[in-house]
Amino acid sequence: MSSLADHRIHQVEPLSVRTRYPRVVGRNARLGSHGSGFESTAVRVVTDQGATGWGVVEGPLAGAETVVGRPLLDVFDPATGVTAAEALPLDFALHDLAATIADVPVATLLGGAGERSVTCYSGAIYFDDLDPEDTPRGIAAVLVNCAADWAAGYRAFKLKIGRGNRWMEAEAGFARDIEVTRAVREAYPDARILVDANNGFSPAQTVRFLQHVADCDLFWVEEPFQEEEGGLRVLREHLVSSGSRTLIADGEYQPDEAQLLELASAGLIDVMLMDVVSYGLTAWRRIMPVLADLGVAASPHAWGMPLKTLYAAQMAAGLGNVLTVEGVPGTTDAVEATGYVLEDGVITVPDQPGFALPITTPASLT
Ligand SMILES: [Mg+2]
């Protein structure tokens, strides 16, 4: 094993990775069909000593090639993460690289502050009842998908709600949201159920929805509306006065960090959802202790790549304070992810160095 100080960045190579879902994933309150997968960008970093690391990139890779020739420790500090702005697109690749060189799992590099096993819910239960548009399958389709994810090892489901925001007449959509939630609870009395409105509700609708499913023991309500203090106070007041233990999860869509911290300090958000990759591992390392001090948990948003679920599980094991991990069912072409095990609703990270995600025959974009 060499020391990080011995390595200079020799090559930054764009890669393309393909995500495949086990089924077509439909609409949510904001967006149309999510399809059956997609192609996305990743990057591999090679050092002059022949060490490699790779990771997913969201946003432009432009500028990252300027780190070639520089010592690894010029752009990366194992204690904090990426230290040079131009290297931020390499956030996950550099963590993989540094942990691989140090011969430890990324979770260990991050401090090993959490458990190696953490609960993981299926984030893939969309408005499947509404498709196909000419012959909608109805609620049975939602239950079929729950059954598939249960069979894959999930014991928790996040149901998309807010059908009346775009896709159904408001009251009919609202009624369907309730019907779906009740049907899943009835079919899975022991499952953890989360709901996510993708900001498709108003504060009043959120409270009304929660009143209608009060006996469903929802684990959390996610992004009921674009977060703002007044609305969240209405929601919090309802939860407290009704004796509900449902948590408020927010901060996924266009997060404003200062505002979120203010809302969290005011006790209005229980779980922070900034994205695994677009917010970034280095940013999560910086903010996690702040959240822990506030008594606020995290659950980094992982949709829509199975790889992001695995990254989130490493963050849970490494940083701690991650309440649960968002599961994205599916596979990534050419990536060997068998070190990660999902069993009985719990995902466990491997002991192997780095992210332990060997990638073979990558199709280079260059
Ligand atoms: Mg969401």
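The values are calculated or read from the model by the stated rules, or taken from the named source; none is laboratory data. These figures come from a predicted structure and were not determined experimentally. Ideal geometry is used to build each Cβ from the backbone, glycine not excepted, and the neighbour counts take in all protein chains shown.
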**Report entry** Qualifying positions in segment 216-254 - in contact with a helix residue (DSSP H, G or I) (Cβ under 9 Å, 6 or more places away or on another chain), within 16 Å of the ligand (Cβ to nearest atom) and over 19 Å from LEU194 (Cβ atoms)
**Finding:** none
Report task. Kindly check whether there is at least one residue in segment 109-126 that is among the β-branched types (Val, Ile, Thr), free of Cβ contacts under 8 Å to residues at least 12 places away in the same chain, away from the ligand (no atom under 16 Å from the Cβ) and not in a helix (DSSP H, G or I). Result -> no
Query raised in the report: Restricting attention to segment 279-302, which residues are over 13 Å from ASN321 (Cα atoms), within 16 Å of the ligand (Cβ to nearest atom) and either of a type in the set (A, V, I, L, M) or surrounded by fewer than 20 Cβ atoms within 10 Å (Cβ to Cβ) (or both)?
Result: ALA302
Query raised in the report: Just one of LEU232, LEU239 is at pLDDT 95 or above and under 23 Å from VAL180 (Cβ atoms); which is it?
Result: LEU239
Query raised in the report: Is it true that some residue in segment 156-169 is touching a strand residue (DSSP E or B) at 6+ places or on another chain (Cβ under 8 Å), farther than 23 Å from PRO255 by Cβ and of a type outside the set (Gly, Ala, Ser)?
Result: yes
Query raised in the report: Say we look at segment 183-201 and pick out the residues that are within 13 Å of the ligand (Cβ to nearest atom) and not β-branched (Val, Ile, Thr); which of these is farthest from the chain's Cα centre (by Cα)?
Result: PHE201
